[in-house]
Amino acid sequence: MQVLGRKLKEVLIAVGPLSAIVLFMGLTFTPLEPSLIIRFIIGSLLVIIGLTIFLLGVNIGVTPIGNHMGSVLAKRNNLFFIIAGGLVLGFLVSVAEPDLHILAEQVSEITGGLMSKLTMVSVV
C-alpha cells in the first residue's frame, strides 16, 4: 500500500500543477462553461488514477525484468551484443509507442496531409 501512495504522490506532483493552472485560467482569464470545467476535473482525476495504476504496474512488473536483463547484459561484457540489443529495443519501443502514432496523425491532420506527402517524397 505504501508503493501505491508513493506513486500517487509522484503523479500528483507531475499532473497537479498543470491541472491547477488550467483550472485557474478556465475560471479567471478565459471563463469556461461549468459543464466543461466539470468534465476537465473528472478527466484530470481519471488521468491521475490511471497514471498511478500504470506506474504501479510498471514498478511491479516491468522494472524488475529490465533490471535483470540489464545486469545479465552487463555481465556478458559483449559490446556488440549490448549495442545491437539496445538498437533493437529502442526501435521496437519507438514503433510501439502510441503517442508517436497519435502525433503523426495529428500532424498529418493539421497540415492537411502535406507533411505525410513531404515525408514520403523525402524518403523516396
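The values are calculated or read from the model by the stated rules, or taken from the named source; none is laboratory data. Computed from a predicted model, the values in this text were never measured in an experiment. Surface accessibility is based on the protein's heavy atoms, side chains included, excluding ligands, DNA and RNA. Shrake-Rupley method; radii C 1.70, N 1.55, O 1.52, S 1.80 Å.
Atom-type composition of the exposed protein surface of the chain places 76 percent of the accessible area on carbon and sulfur (1.4 angstrom probe).
Suppose only helical runs count, i.e. DSSP H with n ≥ 4. What mean residue ellipticity at 222 nm does that imply for the chain under -39500 (n - 2.57) per run, divided by all residues and rounded to the nearest 500 deg cm²/dmol? Per the formula, -28500 deg cm²/dmol. Return one number: the angle in degrees, 0 to 90 and rounded to the nearest 10, between the long axis of the Cα atoms of helix 79-96 and the longest principal axis of the Cα atoms of the chain. Once rounded, one gets 30 degrees.
Computed from backbone phi, the HN-Hα couplings of segment 27-36 come to 9, 10, 5, 10, x, 10, 5, x, 5, 5 Hz, rounded to whole numbers (Karplus: 6.51 cos²θ - 1.76 cosθ + 1.60, θ = phi - 60°; Gly and Pro given as x).
For segment 97-111, putting each phi into the Karplus relation 6.51 cos²θ - 1.76 cosθ + 1.60 with θ = phi - 60° gives couplings of 5, x, 4, 5, 5, 5, 4, 4, 5, 5, 4, 5, 5, 5, 8 Hz, in residue order, rounded to whole numbers and with x for Gly and Pro. Coupling constants for segment 53-66 follow from the phi torsions by the Karplus curve (6.51 cos²θ - 1.76 cosθ + 1.60, θ = phi - 60°), and in residue order they are 5, 4, 5, 5, x, 4, 5, 7, x, 8, 4, x, 5, x Hz; glycine and proline get x. I need the shape label for the chain. Rule: rounded when a/c is under 1.5, else prolate if a/b > b/c, else oblate, with a, b, c from the alpha carbon gyration tensor. The shape class here is oblate. Solvent exposure of the chain amounts to 81 Å² per residue of accessible area, where only protein heavy atoms count and the probe is 1.4 Å.
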